[in-house]
Amino acid sequence: MASFTQAQMAQINQVLDQRYQSLLEEVRDELGRAGDQTYMELFGRVTDVGDQSVADALVDMNAAIVDRQIQEIRDIEETRKRMKEASFGVCSDCGGDIEFNRVLAYPTAKRCVRCQQQHEKTYAGEGRPTL
Ligand SMILES: [Zn+2]
């Protein structure tokens, strides 16, 4: 694990929790706007399940209207798991420590700033039309 103190980990956890809660609210809003009572009922059950993955449950619901939120919820769930492992706070590309300030701003980040920039450059290159 990167050299985060318990207090730092608690801060990161808090950021994750806040993001998670606001995502759940967004999902509830979206489903409410879709006016689908079945979704709303399922969603109530989904958020009640405790340890089970909310993202998986939402995918099972086939709630495509909240795809983006599902992706983010999944990222947060994975990050929570990684926080218990040695790989948390370690860049997946270069193996170096990810700065605390970066992790606090983007708890789901898997790369250090330098590798992320490199990754985005590569990714942007792939996305360019080859006509
Ligand atoms: Zn790196």
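Each value in this text was obtained by applying a stated rule to the coordinates, not by laboratory testing. Everything numeric here is computed off the predicted structure, so don't read it as measured data. As a convention, Cβ positions derive from the backbone with ideal geometry for all residues, glycine included, and neighbour counts pool all protein chains shown.
Computed over Cα pairs, the Kirkwood radius of the range 6-127 leads via Stokes-Einstein (1.002 mPa s, 20 °C) to a diffusion coefficient of 135 µm² per second. In order along the range 12-22, the phi-based Karplus estimate (6.51 cos²θ - 1.76 cosθ + 1.60, θ = phi - 60°) of 3J(HN,Hα) comes to 4, 4, 5, 4, 4, 4, 4, 4, 4, 4, 5 Hz; Gly and Pro are listed as x. Between the helical axis of 113-127 and the longest alpha-carbon principal axis of the chain there is an angle of about 60 degrees. Tell me which lysines have Cα within less than 17 Å of residue 121's Cα, excluding those fewer than 8 residues away on the same chain? Qualifying lysines at Cα under 17 Å: 110. Net charge of the neighbourhood of residue 19, taken over other residues with C-beta under 10 Å away and scored Lys/Arg +1, Asp/Glu -1, is -3.
For trypsin sites (Lys or Arg not before Pro), the sites in the range 60-91 that DSSP calls loop and that have at most 15 other Cβ atoms within 10 Å are 84. Here is the list for the range 56-105: GluC sites (Glu not before Pro) lying in DSSP coil, each with at most 13 other C-beta atoms within 10 angstrom of its C-beta, are 85. Amide H to amide H, with H built 1.01 Å from N, residue 90 comes under 5 Å of 2, 98, counting only residues 5 or more places away or on other chains. Per residue, the average separation of C-alpha pairs within less than 8 Å and at least 6 apart gives the chain a relative contact order of 28 percent.
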